[in-house]
Structures are given as structure tokens and as C-alpha cells.
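K.L.:
Structure provided below as C-alpha cells; questions to follow.
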Amino acid sequence: MIPIAISLHVLSSIIWVGGMFFAYLVLRPIAAHQFEPAERLTLWNNVFSTFFPWVWCAALILLTTGLWLIFNKFGGMKFVGPHIHIMLSIGLIMILIFTYVFFAPTRRLSRAVSQSNWPEGAKNLNRIRLLIATNLILGLIVIVVASIGPYFFN
């Protein structure tokens, strides 16, 4: 069961962090350059409505498998290294940021796009952009901590 949990954990992190990396560093610059505001905002609204269900699944799987591994592989929080505490803490912050993005600016973006209110849509897309940048940085930090933690903290 442990190899399955670890595999699901890693795959979920790849989907979430990789998706943010692609969206932020590949799709965003191209969309900003090639599309007018109405097209760009519509594109992002559609991208988020397709990608965010994957993020919900990834976040749920990450949290579930992470906690399961902590308690079933290691025996609880007092038996794991500092890198696990760091990963869990940052992961919870990322989930909170994503939850806010999903329930606040993304819903406002969707409403603005449906009403063709491009200035309001742009304002919310910018909020989302900043929060995704934050989560991307946090996600990359978690990957580094996960990679070096067993060697650095033990």
C-alpha cells in the first residue's frame, strides 16, 4: 500500500505544480501577446474551469496520501523529520490559497466574462495570476524540500 500512496502523492504534485508551471510560464505569456482582453479572459476562464477540478483532486490526494503516510509509514508526526513538517505546512498553505482562488477571484472572473465586463475580469485575472505565482513558488519549494529533506535533515 505504501508504494501506491507514494506514487499517487508524487503524481498529484506533478499534476498540480506542473500545471501551474505550464499555465504561468508558457500559456500566460503567449495568451497575453496573442489575444485581446476579451479573448484572453475567456481563454483563462475556460482553462481554469478545466484545470481546477484536477487541482481539487490533486490537493485531496496529496493531503490524504501525505497524512496516511505520516501515520501508517512513520507512526505519526512526532516520528517524521522536519522536512515532512515543512512539506505539510506549505501544502496546507497552498490548499488554502487555492481554495480562496477557486471561491473568490475565479468566480468573479467567470461572472465578469459572462457579463462581458472586461475590466472586472482583468482585475480578477491579475489576482489569480499573483496567487498562482505564489503557489507555484511554494510548490517548487515543497519539491526541493521533498528531494533534499531525507539527506539534509537526517
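K.L.:
For a quick size check, give me the Cα extents of the stretch 41-112 along its three principal axes, largest first, whole Å.
P.N.:
48, 16, 14
K.L.:
So how much slack lies between Leu96 and Ile30, counting 0.36 nm per residue of separation and subtracting their Cα-Cα distance, in nm?
P.N.:
Stretched fully, the Leu96-Ile30 segment lengthens by 20.9 nm.
K.L.:
While we're looking at this one, here's another question. With the Cα gyration tensor of the chain in hand, give its eigenvalues times 5 under a square root as the equivalent ellipsoid semi-axes, listed largest first in whole angstrom. Can you show the working numbers first?
P.N.:
On the way: eigenvalues 234, 40, 32 Å².
Taking √(5λ) for each Cα gyration eigenvalue gives 34, 14, 13 Å.
K.L.:
Also, I was wondering about something else. What helices does the chain hold that run 15 Å or longer along their axis, going by alpha-carbon atoms, with a Kyte-Doolittle average of 0.0 or more, using DSSP H for the helix calls? Can you show the working numbers first?
P.N.:
Working: long enough: 2-22 (29 Å, 1.85); 37-72 (50 Å, 0.94); 82-103 (32 Å, 1.98); 118-152 (49 Å, 1.02).
Both cut-offs are met by 2-22, 37-72, 82-103, 118-152.
Coordinate-derived values only; no laboratory data. These figures come from a predicted structure and were not determined experimentally.
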